[in-house]
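**Q** Below: one structure in structure tokens.
The values are calculated or read from the model by the stated rules, or taken from the named source; none is laboratory data. These figures come from a predicted structure and were not determined experimentally. No Cβ is skipped: glycine too gets one built from the backbone with ideal geometry, and neighbour counts run over all protein chains shown. Each accessible area value is taken on the protein alone, full model and side chains, heavy atoms only, with ligands, DNA and RNA left out. Shrake-Rupley method; radii C 1.70, N 1.55, O 1.52, S 1.80 Å.
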Amino acid sequence: MAKYSTGGGGGGDDGGSCELCGKESTRLRQESVAGATLMVCPDCASHGENRNKERKHRDQSRGRDESEPSRKKRAAQRAAKMYDAGKGDSKHWEEEGTNYERDRLPYLVRDYGDRVTEARQDAGLTTGDLAAELDVSERDLVAVEEGRATRAGVGGSVIRKLEDRLGIELSDE
């Protein structure tokens, strides 16, 4: 069982037990742990308050430049860059003139994608033909057929054009 140091304990090369874990060792050294000065084994030395000073000294002796950010800091910087890129400007994928605030997507029926696909095929049209006829993006039409109109940012005007042209109900309003 660990005990607290009175400051007069032995240690060093003459052997003894670690005052933190109780393990017998001939390589005890004095460390400040949570404000107490203890004689600790090499395994427990990492709990000492001097560990950051020693790590800095080891890093300098290995040739690591102190002005270079640590591994954790570099990882955090990379994560921040990825986060910023994900939040990026959406103008690169939005079509000119499209205002999704004014062209809100209505609530859609559960199987709207299947309904559009079936009606388009019954009309004998390809997605490209129907998109050209309705003057909508083929990408938006494919998104509707795949049931991902909301995630693709398809406007309500596309849904209304599909309902009118194919004679189907897609909105649940």
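**Q** Skipping prolines and chain starts, which residues have an amide H placed within reach, meaning under 5 Å, of the one on SER171, given they are 5 or more residues away or on another chain?
**A** VAL109
**Q** Would you mind getting me the FRET efficiency between LYS73 and ARG27? Use the beta-carbon distance for r and R0 = 41 Å, nearest 0.05. Don't skip to the answer; put the middle values down first.
**A** Working: r = 33 Å, r/R0 = 0.80.
Efficiency, from the Cβ-Cβ distance: 0.80.
**Q** Multiply the residue gap between ALA34 and ALA132 by 0.36 nm, knock off their C-alpha separation, and tell me the result in nm, one decimal place.
**A** Working: separation 98, 0.36 × 98 = 35.28 nm, distance 7.35 nm.
Net length gain for the segment: 27.9 nm.
**Q** Can you tell me how much longer the chain between ARG148 and ARG104 gets when fully stretched, taken as 0.36 nm per residue apart minus their C-alpha distance, in nm with one decimal?
**A** On the way: separation 44, 0.36 × 44 = 15.84 nm, distance 1.48 nm.
Residue separation times 0.36 nm, minus the Cα-Cα distance, leaves 14.4 nm.
**Q** Here is a follow-up. Could you look at the stretch 126-173 and say what percent of its accessible area is carbon and sulfur, using a 1.4 Å probe and all protein chains?
**A** Values: 1050 of 2540 Å².
Of the solvent-accessible surface of the stretch 126-173, carbon and sulfur hold 41 percent.
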